[in-house]
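**Student:** Got a structure here, written out as structure tokens. Questions coming.
The values are calculated or read from the model by the stated rules, or taken from the named source; none is laboratory data. Note that the structure is a prediction, hence the values are computed from the model and not measured. Here Cβ is always computed from backbone atoms with ideal geometry, including for glycine, and neighbour counts include all displayed protein chains. Remember, those area values only see protein heavy atoms, side chains included, never the ligands or the DNA or RNA. Shrake-Rupley method; radii C 1.70, N 1.55, O 1.52, S 1.80 Å.
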Amino acid sequence: MALQNGLNGKVMVTGGAGYIGSHAVLALLDAGYEVVVVDNLVTGFDWAVDPRATLVTAAIEDEAVVRATIRDHQVRAIMHFAGSVVVPESVSDPLKYYRNNTAATRSLLESAVVEGVPHFIFSSTAATYGTPVKVPVQENDPTVPINPYGMSKLMTEAMLRDVAAAHPINYCALRYFNVAGADPQGRSGQSTVGATHLIKIAVEAATGKRAAVSVFGTDFDTPDGTGVRDYIHVSDLAAAHVSALELLVAEPSKSHTLNAGYNRGFSVNEVLDAVDRVTNMTIERRYEGRRAGDPAALVADNAAILAALPWRPERDDLETIVKDALAWERKLAERG
Ligand code: UFG
């Protein structure tokens, strides 16, 4: 057991076979924690789970399996990544999002409470803000999601608040901005088929998987007219989870909701310029109309996370993010 970390038990990582979850598993193992992954492998891959972790193939709403796993592995903390993440799909199939994100998390929380798990870390999202009232956006700014994905996560934040007030459990909800990049050691990366995220799409174009990259909107109220986002390296984000866990253990009576970003934005054109520089190519850009529901700019005010955690970003450089994403994409291409 991970006594050296003060946890006195294992960490359960739901969605640990997915993109961000698999990086959190690596960060936990590298920090000396013991990990059990619960993943239904619908979008994740068993090969993405580091062999030092135990993989339980199950749905998080399967309370019998989840509760037995908590008991068998003496789980003392849950990092919850499992869920559905495609914003346009949430618009066309909202009930899938309220099932997989909100209702499934309700089941997981019940298992956690009944089995007495004291700490819970939740993958929340900048989509909880909707169109932010200001940039950079702060945690106590209004949360008015503009799609069911964001609402499904905001509803979970509300459940966490109520559950932590009623039961001996504390939580940290991390509101992710735009997660990109891959493990610098090449152990994991974004492997999703049919991804919609800009940096993933751009490195797919760089490796010949796509002919061009569409630029959605050139008339936003931003310096160059294209959308601005706060891109955070997935390994920095994974490290923030480990740091958040340590905070929850150190102060069991306190819970936190924190933006996870770098407090600086890049436009679509700036991202594609970085991809061109890193690849030494000129990837074709197709300028198109705006994508439905895209805010002009979304950047994290990260003062709160920097104040709460000893965590500091280590890979907060756009070219580093692109380089790591590209290295993983090349690995995937070799694998075929
Ligand atoms: N974009 C393009 N072309 C593409 C893909 C994206 O121009 O092929 C643009 C988008 O219009 C946007 C920016 O690149 O301006 C980033 O788009 P992504 O699809 O990479 O990411 P989003 O900002 O739309 O979404 C992210 C997370 C979501 C989260 C959302 C919060 O991926 O999970 O932020 O608003 F909900």
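**Student:** Using a 7 Å offset from the Cα along the Cα-to-Cβ direction at both Glu284 and Ala304, what is the distance between the two label points in nm, to one decimal?
**Tutor:** With each label point 7 Å from Cα toward Cβ, the separation is 4.4 nm.
**Student:** Name the residue, out of Gly15, Gly83, Gly130, whose mean-square fluctuation peaks in a Gaussian network model built on the chain with Cα pairs under 10 Å.
**Tutor:** Gly130
**Student:** Ok, one more. Mind checking Rg over Rh on the stretch 1-60, alpha carbons, Kirkwood formula for Rh?
**Tutor:** Taking Rh as the inverse mean 1/r over Cα pairs, Rg/Rh reads 0.97.
**Student:** Quick one: pull the percent of accessible area on the stretch 1-114 belonging to carbon and sulfur, 1.4 Å probe, ligands and nucleic acids left out.
**Tutor:** Carbon and sulfur: 53 percent of the exposed surface of the stretch 1-114.
**Student:** At q = 0.14, 0.21 Å⁻¹, what is the log10 ratio I(q)/I(0) for the stretch 199-243, with the Debye formula run over Cα points and no solvent?
**Tutor:** -0.56, -0.85
**Student:** Now for a separate question. Quick one: which residues, 5+ away or cross-chain, put their amide H under 5 Å from the amide H of Met79? H built at 1.01 Å from N.
**Tutor:** Hits under the 5 Å cutoff: Met12, Val13, Thr14, Ile121.
**Student:** While we're looking at this one, here's another question. Over the stretch 291-336, with the other protein chains present, what is the accessible area per residue in square angstrom, probe 1.4 angstrom?
**Tutor:** 51
**Student:** If you stretched the chain out fully between Lys134 and Asp219, how much longer would it get, using 0.36 nm times the residue separation minus the C-alpha to C-alpha distance?
**Tutor:** 28.7 nm
**Student:** Still on this structure, I have one more. Whenever you get a sec, line up Arg67, Arg335 from highest to lowest accessible area (probe 1.4 Å, protein heavy atoms).
**Tutor:** Reading off the accessible areas and sorting them downward yields Arg335, Arg67.
**Student:** Related question: Quick one: P(r) of the stretch 200-336 from all Cα-Cα pairs, 10 Å bins, percents rounded to integers, in order of increasing distance.
**Tutor:** 11, 34, 31, 18, 6, 0
**Student:** Report, in listed order, any pair from Lys153/Lys200; Lys96/Lys331; Lys10/Lys134 with a Cα-Cα distance greater than 28 Å.
**Tutor:** Lys96/Lys331; Lys10/Lys134
**Student:** Based on DSSP, what percent of beta bridges with both residues in the chain are antiparallel, to the nearest 5?
**Tutor:** Antiparallel bridges make up about 5 percent of those DSSP assigns within the chain.
**Student:** Mind listing the long-range amide H neighbours of Tyr176? Cut-off is under 5 Å, sequence gap 5 or more, other chains count too, H placed in the peptide plane at 1.01 Å from N.
**Tutor:** Residues meeting the amide H criterion: Ser124, Thr125, Ala126, Ala260.
**Student:** So what is the diffusion coefficient of the chain in µm² per second by Stokes-Einstein at 37 °C and 0.692 mPa s, using a Kirkwood Rh over Cα pairs?
**Tutor:** Here the translational diffusion coefficient equals 164 µm²/s.
**Student:** Could you do me a favour and compute the accessible area per residue for the stretch 130-211, 1.4 Å probe, result in Å²?
**Tutor:** Ligands and nucleic acids excluded, the result is 42 Å² per residue.
**Student:** Looking at the stretch 1-150, what % of the alpha carbon pairs are farther apart than 17 Å?
**Tutor:** 62
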